[in-house]
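The next block holds one structure in the form of C-alpha cells; read it before the comments.
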C-alpha cells in the first residue's frame, strides 16, 4: 500500500468554497491518518497560495472561516503545501506562510510518476 498521497488542485474553481472544503478536509484527514500528504496548487488554483486571495475567500459552510484558515489547518495536520504558478507569471503579493515550496512542471510530473504515490486530481 502506498504511504504517500499527492493532491493536485488544478482544475477546481478556486472560488468554490464547498469543493475546497471537501478537498482540504480529505488532505487533513489523510495527514491525521499518518500518510505523507502533499497538496499542490497549480492550474487556476495556484492563486489560492496568494496571501490576499486565500485570506479574503470565506467559506460559508465553515462558519465564515477563510480558505487561508483551512490551509493553515491542513498544514498544521502535516500536509505539505506547494505551489506551481504558470510559467512567466508575475505576482506582486506574497504567498501564505503555509506554502512550503514553489515548484515547476517537472516536479509535478516526477512526483506523479512515482510508483509509491497515489495521486488525486481535482
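Every read-out reported here was derived from the displayed coordinates using simple, explicitly stated rules and does not represent laboratory data. Source: prediction; values computed, not measured. Cβ placement follows ideal geometry from the backbone for every residue including glycine, while neighbour counts extend to all protein chains displayed.
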Based on the inverse mean of 1/r over its pairs of different Cα atoms, what is the Kirkwood hydrodynamic radius of the chain, in Å? 14.3 Å
Using a 10 Å cut-off on Cβ atoms, rank the peptides 68-75, 107-114, 10-17 from the highest mean neighbour count down. 68-75, 10-17, 107-114
Please report the antiparallel percentage of DSSP beta bridges with both residues in the chain, rounded to the nearest 5. 15 percent
Which of these, 63, 43, 104, has the largest mean-square fluctuation under a Gaussian network model of the chain (Cα springs below 10 Å)? 63
Any chance you could run the full-extension gain for residue 29 through residue 13? It's 0.36 nm times the residue separation minus the Cα-Cα distance, nm to one decimal. 3.6 nm
The simple spin-label model distance between residue 100 and residue 112, using points 7 Å out along Cα→Cβ, in nm, is 1.9 nm
Defining a contact as two alpha carbons under 8 Å apart and six or more residues distant in sequence, what relative contact order in percent does the chain show? 35 percent
Return the calculated 222 nm mean residue ellipticity for the chain, to the nearest 500 deg cm²/dmol, obtained by summing -39500 (n - 2.57) across DSSP H runs with n ≥ 4 and dividing by the residue count. -10000 deg cm²/dmol
Using the alpha-carbon centroid of each, what span in Å lies between region 34-103 and region 1-21? 11 Å
